[in-house]
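Below: the structure, in structure tokens.
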Amino acid sequence: MAQTDVPPASPDLTRELAIDVRDLRKSFGDRTVLDGIDLAVGRGTVFALLGPNGAGKTTIVNILATLLAPDAGVVRIAGHDLATQPARVRSAIGLTGQFAAIDDLLTGAENLTLMGKLHHLDRAENERRTRTLLGQFGLTDVAHKLPTTYSGGMRRKLDLAMGLMGRPHVVFLDEPTTGLDPRSRREMWDVVRELVADGVTVLLTTQYLEEADQLADRIALLDGGKIVAEGTEAELKRLVPGGRITLRFADQVALARAESLLSTAKVSPADLSLDVMGPANVPSLRDLLNQLEAQQVAVDDIVLHTPDLDDVFLALTGQPATTSRNPEAVR
């Protein structure tokens, strides 16, 4: 089989990657949608792509799932080259798109059985896999009902279960909880955690910042076809200024003494507290407490405030995060 002439950066690292993307590019006419995307997703982890409408999240998923050809770039999924081994890539992945790919004329069990046949499972394995997934997703009681009778959360679960019939190593979830109620959303989160616990790698696109915060090992922020920031949730939050440390005191005397020592702090006499603006980290807290302890000023309570992902999103993309119910209808 022909090999790409772009060597991996590190053989050891490559073996540990479920998704390895380098310099991925895609344009539609004169509109550049992806402008040199690099992604490195470790096996058995959750990687979240965050971005505003039109940022290119769905385009990335469609390319990685072999549904759309890139203009340029090197992609390896589960060790298989996207350009030269697309069939092997397809055999290694599962996909749940923005809109459920369910046949409403078939029951839930029949939808799963159909997917099993498409994966060339023998009859016994197909039946076992169907029973297992119906149980795992809490759909056993409605297995023989049409999906038109399902709730939105149940339909999303069935759609995800269908994508798992072939036991994929990598699962792409494109806006999987859009439009779900909070309870159904959390149930889907539990399913994702179970997948990762079983060693599955998940690439998730979402506009729900809480979702990325809850699930992702690493997060990439996509804007204008480029990755503008990537890291853990904590690393991304440290990119944005605006932290503060709130110190509370037992009485007005202690508060007044602290105010005289920390002249730049913002004082709230009503609740016996003051805010010290700046990094809300351990070194800063240690310095504050050392200053107060040296003057025998006792602190009654401490609260650290760090920027959240919404602050990061706004600072790096110039627009607030959205929880639109109709994200990225085309791209």
Hey, any hits in the stretch 68-78 for a residue that's under 20 Å from Phe47 (Cα atoms), within 22 Å of the chain's Cα centre (by Cα) and in a loop (DSSP other than H, G, I, E, B)?
yes
Among the helices (runs of 4 or more DSSP H) lying completely within the stretch 180-295, list those that include at least 3 residues that are over 30 Å from Arg43 (Cβ atoms) and free of Cβ contacts under 8 Å to residues at least 12 places away in the same chain.
252-261, 282-294
Cross-chain or 6+ apart pairs with Cβ under 6 Å, the stretch 77-103 first and in the same structural domain as Gly42 (by TED's automatic domain parsing) and of a type in the set (Gly, Ala, Ser), then surrounded by 16 or more Cβ atoms within 10 Å (Cβ to Cβ) and in a helix (DSSP H, G or I)
Ala78/Ala92; Gly94/Gly163; Ala100/Arg155; Ala100/Asp159
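Residue-wise test of (1) in contact with a helix residue (DSSP H, G or I) (Cβ under 7 Å, 6 or more places away or on another chain); (2) modelled with pLDDT of 95 or more; (3) within 19 Å of Leu164 (Cα to Cα); (4) crowded, with 20+ Cβ neighbours inside 10 Å.
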residue: Leu50; (1), (2), (3), (4): yes, no, no, yes
residue: Gly54; (1), (2), (3), (4): no, no, no, no
residue: Ile60; (1), (2), (3), (4): no, yes, no, yes
residue: Pro70; (1), (2), (3), (4): yes, yes, no, yes
residue: Val74; (1), (2), (3), (4): no, yes, no, no
residue: Thr84; (1), (2), (3), (4): no, yes, no, no
residue: Gly94; (1), (2), (3), (4): yes, no, yes, yes
residue: Leu106; (1), (2), (3), (4): yes, yes, yes, no
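Let's see how each residue does on (1) free of Cβ contacts under 8 Å to residues at least 12 places away in the same chain; (2) over 22 Å from Gln98 (Cα atoms); (3) in a helix (DSSP H, G or I):
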residue: Leu121; (1), (2), (3): no, yes, no
residue: Asn126; (1), (2), (3): no, yes, yes
residue: Thr130; (1), (2), (3): no, yes, yes
residue: Gly135; (1), (2), (3): yes, yes, yes
residue: Gly138; (1), (2), (3): no, no, no
residue: Asp141; (1), (2), (3): yes, yes, yes
residue: Thr148; (1), (2), (3): no, no, yes
residue: Arg155; (1), (2), (3): no, no, yes
residue: Leu160; (1), (2), (3): no, no, yes
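In the stretch 296-313, what count of residues is obtained for those that are within 22 Å of Asp271 (Cα to Cα) and assigned to a loop (DSSP other than H, G, I, E, B)?
Within the stretch 296-313, the first condition is being within 22 Å of Asp271 (Cα to Cα), and the residues that meet it are 296-306.
From the residues that got through so far, the ones that are assigned to a loop (DSSP other than H, G, I, E, B) too are 296-300, 306.
Final tally of qualifying residues: 6.
The values are calculated or read from the model by the stated rules, or taken from the named source; none is laboratory data. From a predicted model like this one, the values you see are computed outputs, not experimental measurements. Note that each Cβ is placed from the backbone with ideal geometry, even for glycine, and that neighbours are counted across all protein chains shown.
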